[in-house]
Amino acid sequence: MRAAGYVPLVPYPGTNSPWLCRCASCGRESTPRHTNVRQHGARCVHCSYLTRHDSQRTPTDEALAAMRAGGFEPFAPYPGNVAKPWPSRCGQCGRDSAPTLRDVRDGHGCRRCADDAHADARRRSHDEAAAIMRAGGAEPLEPYRGHRAGGWSCRCLTCGGAITPTLGGVLRGQGVCVLCARAQNEATWGRRYAGDRATLLYLLARGDALKVGITTEGANRLRHHESHGWEVCRSWQFRRRGNAARVEHETIAWWRRNGWPAVDEHLPQGGATETVSSSSVDLARAERYIDALAEFAKRHE
């Protein structure tokens, strides 16, 4: 056994019984049989596996050449196995991925580049997308950027408000303007849309931020805002919720048309898109603007 490279760890159990030994080369334990070692020269199973693995392993320089030929630049050491992911950067799009050497040898390229190519092949032209939006009731205000860009800045052809519908939503039959949909509900259901209670449009202040919103009269919305440090500056009552929503929408659109961005802060209760800095527009000016809108809206209730 010692001549074959084994160091016995227990007494001899017999020629056909497993014999616990330690390999003199790798130091790991195994249980060869004396008869196999004597008749066939059986070697340590661990050493045999490593020898076979090393003989089949692709050299590092050859693996690197194959990855670069496939359009990838590895930024991690070769994992030593053609089936293991190898962190690399695509030479075309510059994004990171982890293809296997086997896949690259089989001709598979960057999956993200393939996804982009597939999306480009299906992408609609600006003229085609704009025609679909106009048929749905919206006039695009910017070039079409593709479905992955999210909302498309448009103007509602019914109410003239600023909206951001998606092309996919229009293709699925969804409306383009939330405020027009609310107004339609009001026209259909009347006061039942908001129950028997009126709707309040409110203007809040906290620090250098102003915030506008709507709620049903008697709801806990305002108390919830006050618990987070907001002060109720003014409120306006509307019989129809759609009119209150329209005034809210137009107020926010006025802020954005003048280049006054939303206050960049985390609001636990949400609604950061409904805010503006008081350094851009002061409280008195905001109240006067909402007063004018509310007076016009109430004349049509």
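The values are calculated or read from the model by the stated rules, or taken from the named source; none is laboratory data. It should be emphasised that the depicted structure is a prediction, and the values quoted were computed from it without experimental measurement. Every residue, glycine as well, gets a Cβ built from its backbone with ideal geometry; the counts of neighbours run over all protein chains shown.
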Scan (1) assigned to a loop (DSSP other than H, G, I, E, B); (2) surrounded by fewer than 12 Cβ atoms within 10 Å (Cβ to Cβ) for the single condition Ala4 breaks and write down its number. (2)
Restricting to segment 271-301, give me the number of residues that are of a type in the set (Ser, Thr, Tyr) and either in a loop (DSSP other than H, G, I, E, B) or not assigned by TED's automatic domain parsing to the domain that holds Arg257 (or both). 3
Of the listed residues (Thr164, Thr158), the one being among the hydroxyl-bearing types (Ser, Thr, Tyr) and loosely packed, with under 14 Cβ neighbours inside 10 Å is Thr164
Please work out which residue is farthest from Glu73 (Cα to Cα), limiting yourself to segment 102-131 and to residues that are surrounded by 13 or more Cβ atoms within 10 Å (Cβ to Cβ) and touching a Lys or Arg at 6+ places or on another chain (Cβ under 8 Å). Arg112
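Every residue, every condition in (1) on the phi > 0 side of the Ramachandran plot; (2) of a type in the set (Val, Ile, Thr); (3) modelled with pLDDT of 85 or more; (4) more than 45 Å from the chain's Cα centre (by Cα), yes or no:
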| site | (1), (2), (3), (4) |
| --- | --- |
| Val10 | no, yes, yes, yes |
| Ser17 | no, no, yes, yes |
| Cys21 | no, no, yes, yes |
| Phe75 | no, no, yes, no |
Only one of these conditions is not met by Ala129: (1) under 19 Å from Ala162 (Cβ atoms); (2) in contact (Cβ under 8 Å) with a residue 24 or more places away in the chain; (3) over 26 Å from the mean Cα position of the chain (by Cα). Which number is it? (3)
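Give the number of residues within segment 104-120 that are charged (D, E, K, R) and closer than 14 Å to Val82 by Cα. Spell out how you get there, then give the answer.
Of the residues in segment 104-120, the ones charged (D, E, K, R) are 105-106, 111-112, 115-116, 120.
Right, trim to closer than 14 Å to Val82 by Cα and you get 105-106.
Qualifying residue count for the region: 2.
If you scan segment 169-191, which residues turn out to be at pLDDT 80 or above and either crowded, with 16+ Cβ neighbours inside 10 Å or in a strand (DSSP E or B) (or both)?
Residues of segment 169-191 at pLDDT 80 or above: 169-177.
Answer for segment 169-191, where residues must be at pLDDT 80 or above and either crowded, with 16+ Cβ neighbours inside 10 Å or in a strand (DSSP E or B) (or both): Val170, Gly175, Val176, Cys177.
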